[in-house]
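A.B. asks: Have a look at this one before I ask anything.
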Amino acid sequence: MYVYILFILKDPVAERDNLMNAVQPTHPSSPASPPSDVPDDPSTPNSRTAPAVPTDGEAFSDLDESGSECDSYDISSDSEEERDDELSNFDAEYNFDWLEDVAENTDDEQLRLDVKSDLTKWAIECGIPRTHVNRLLIILRKCNELSSLPKDYRSLLKTVRHVVTKDVNPGTYFHFGLSAGILRSLFHLNLQTIPAKLEICVHIDGIPLSKSSNSQFWPILAMIRGFNNSIPFVVGIFHGSSKPLSANDYLIDFVTEAKELETNGIEFRDSKILVTFPAFICDFPARTFVLCTKGHMGYFGCGKCETEGSQYNPNVNNPKSGRVTFPQLNALPRTNESFRDQSQP
């Protein structure tokens, strides 16, 4: 423990002598030194300079050569041994070993998080089958540092257990999102320059899931056109026992988002990109379903012109041999206005 005492000195020499006399008083039998007008000389025995006091722990600051009016004296009241004893008692009273344990546990936790993140990325990017992922997790969990890894691939990949779907008669529909798919594709393309416009091709068709039932998918797929490494992505998917009864209910989410993108574009890396839809790729049954027009067996089934078909039956004895033909070769082509006005039944 150190005590700092600040003295305001009017006469530096006199105040120093008084302090020295207080620390080490003069013996009564020793005669007092007569006053002398001779300047102090440290080499002279009769000098007024007080002898140094070899007291442990006490130190006096030298006077300023400039004759400053204030000086400080640092007086220590404890020895080195006492301070060491105090530090030992402090360490014994307060144990800080838990800090090392916290640091070690933090490193272990960070290691587990890194391994879990790397496993998740590896399983997704490499398309590892779920049985292989589960088998690897069983092996890794045998290590004490990795015993907290999940037991199942669904916990590792954080597979969504509950999905909010929309009822579309006669099944259900889930919309993944058109904008989200475009952004994922742009990141996958790893473009050096941002294009000013994107052309999105859309594909719609039905997929049977099994031969023993009528269960089927009707997905909406899209792809950015004009890039060699572009891959299709899912915009939405319908599942039911047959195709959707209403194309409007089936396509409403896609159409709403597509119109928004055509109007405002899409933001990517602080740049706005225009979005257009130049092509919808469908086979004829899917095309008639999306456009809400007659099928290829209807009298007004031609999607290019307004001609009316006629029935042709080459075998009168077989009613099922009848066909619808379109003999007219110079019919008026269909236009956007005639299609929207539904000029034909």
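A.B. asks: Would you pick out the residues in the stretch 265-322 that are β-branched (Val, Ile, Thr) and over 30 Å from Asn190 (Cα atoms)?
C.D. replies: Scanning the stretch 265-322 gives Thr288, Val290, Thr293, Thr307, Val316.
A.B. asks: Report yes if some residue within the stretch 274-295 is more than 30 Å from Leu198 (Cβ to Cβ) and either of a type outside the set (D, E, K, R) or under 29 Å from the mean Cα position of the chain (by Cα) (or both); otherwise report no.
C.D. replies: Checking the stretch 274-295: at least one residue is more than 30 Å from Leu198 (Cβ to Cβ) and either of a type outside the set (D, E, K, R) or under 29 Å from the mean Cα position of the chain (by Cα) (or both).
A.B. asks: Hey, does the stretch 125-132 have a residue that's touching a Leu at 6+ places or on another chain (Cβ under 8 Å), within 18 Å of Arg154 (Cα to Cα), modelled with pLDDT of 55 or more and assigned to a helix (DSSP H, G or I)?
C.D. replies: no
A.B. asks: Just one of (1) touching a residue at least 40 places away in the same chain (Cβ under 8 Å); (2) out of contact with any Gly (no Cβ under 9 Å at 6 or more places or on another chain); (3) over 30 Å from Gly181 (Cβ atoms); (4) not β-branched (Val, Ile, Thr) trips up Lys304, so point out which.
C.D. replies: Failing condition for Lys304: (1).
A.B. asks: Looking at Leu251, Leu261, which is the one that is over 23 Å from Gln192 (Cβ atoms) and in contact (Cβ under 8 Å) with a residue 60 or more places away in the chain? Spell out the reasoning first.
C.D. replies: Details: Leu251 fails: in contact (Cβ under 8 Å) with a residue 60 or more places away in the chain.
That would be Leu261, the only listed residue that is over 23 Å from Gln192 (Cβ atoms) and in contact (Cβ under 8 Å) with a residue 60 or more places away in the chain.
A.B. asks: Determine, yes or no, whether Gly171 is in contact with a helix residue (DSSP H, G or I) (Cβ under 8 Å, 6 or more places away or on another chain), small (Gly, Ala, Ser), within 24 Å of Phe289 (Cα to Cα) and in the same structural domain as Asp270 (by TED's automatic domain parsing).
C.D. replies: No.
For (1) modelled with pLDDT of 95 or more; (2) among the small types (Gly, Ala, Ser); (3) buried (at least 16 other Cβ atoms within 10 Å of the Cβ), each residue gets a yes or a no:
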position: Phe187; (1), (2), (3): no, no, no
position: His203; (1), (2), (3): yes, no, yes
position: Ser210; (1), (2), (3): no, yes, no
position: Gly226; (1), (2), (3): no, yes, no
position: Ala258; (1), (2), (3): yes, yes, yes
position: Lys272; (1), (2), (3): no, no, no
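Matching residues to (1) among the basic types (Lys, Arg); (2) under 30 Å from Ile204 (Cβ atoms); (3) not in a loop (DSSP other than H, G, I, E, B):
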{"residue": "Val115", "(1), (2), (3)": "no, no, yes"}
{"residue": "Ile138", "(1), (2), (3)": "no, no, yes"}
{"residue": "Ser148", "(1), (2), (3)": "no, no, no"}
{"residue": "Leu156", "(1), (2), (3)": "no, no, yes"}
{"residue": "Arg161", "(1), (2), (3)": "yes, yes, no"}
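The values are calculated or read from the model by the stated rules, or taken from the named source; none is laboratory data. Note that the structure is predicted; figures quoted are calculated from it, not measured. Neighbour counts are summed over all protein chains in view; Cβ atoms, including those assigned to glycine, are modelled from backbone coordinates with ideal geometry.
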